[in-house]
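Have a look at the structure below before the remarks.
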Amino acid sequence: MAGSRFRASMENFSCLRTPCKHRQTENIGNGIYCPPVPPADHPTNPYPVPTLLTHPAVPLALACALADAPVSRRLLLAGIAASILPDLDTLAFRFGIAYGAQLGHRGFSHSLLFALLVALLGMLAANWLKASRQRCFAFLFLACASHGILDAFTNGGLGVALLWPYSEHRYFAPFRPIEVSPFGLQRFLARAPTLLASEIRWVWLPLTGLAVLTLASRWRFRARGKVAGALP
């Protein structure tokens, strides 16, 4: 019984360039995608993402790496918001916009162009963010662009339109170890231990280690400079 249900659910899945015989397909760039519709109790969700708890890991790690030249609280909060902002495209589902559309999930808002626009807006608010324009631009661009890049490392859903509008192609990383997080509180809680363990292993720990190493290297470099300056 369980096996037949699983096989039936898998018939609803298709990949890029593969039309689906069960329902209307969606055109995506040069390919065709049929959005997956697994049963409600299936662990795979049709519109998966990393959890909102993980995307802020990038601006937090950047702030830690720059601890010797602290990021202002306002800029840090703006970076956290920028790292989450692309997933507002999930509201498109409520307006009937298809997953694979340019304005659909993991489309325009997950592109590098969108991150560039967010960073430019941050530059205009540099005084309010209490940071230089260069720092605002770099910090917010990396925070926002990291969202789509992290999504490309997930093991489900569509790829990410990183190069929109120059290309509508949806990109995935060749190595995709991050477990996807389903929408809906009940589905998330049912898989929370697996999801959080995956994100801690593949996102939080590597970023924390990189931030600590970067900060240690900066401190060591400055210490050497002070010693060199004190020598006769």
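The values are calculated or read from the model by the stated rules, or taken from the named source; none is laboratory data. For clarity, every value in this text was computed on a predicted model and none was experimentally measured. Please note: Cβ atoms are built from the backbone with ideal geometry, for glycine as well, and neighbour counts cover all protein chains shown.
Exactly one residue among H110, H42 is at negative phi and modelled with pLDDT under 85, and that residue is H42. Residue under question is A115, and the condition is that it be within 19 Å of L53 (Cα to Cα), touching a Gly at 6+ places or on another chain (Cβ under 8 Å) and either of a type in the set (S, T, Y) or modelled with pLDDT of 95 or more (or both); does it hold? No: the conditions fail for A115. Here the condition is being hydroxyl-bearing (S, T, Y) and under 24 Å from G100 (Cβ atoms); of S167, S198, it holds for S167 alone.
Which of the residues spanning region 84-101 are of a type in the set (D, E, K, R) and either modelled with pLDDT under 85 or surrounded by 19 or more Cβ atoms within 10 Å (Cβ to Cβ) (or both)?
D87, D89
Just checking, does region 179-194 include any residue being buried (at least 17 other Cβ atoms within 10 Å of the Cβ) and modelled with pLDDT of 90 or more? Looking through region 179-194, none of the residues is buried (at least 17 other Cβ atoms within 10 Å of the Cβ) and modelled with pLDDT of 90 or more.
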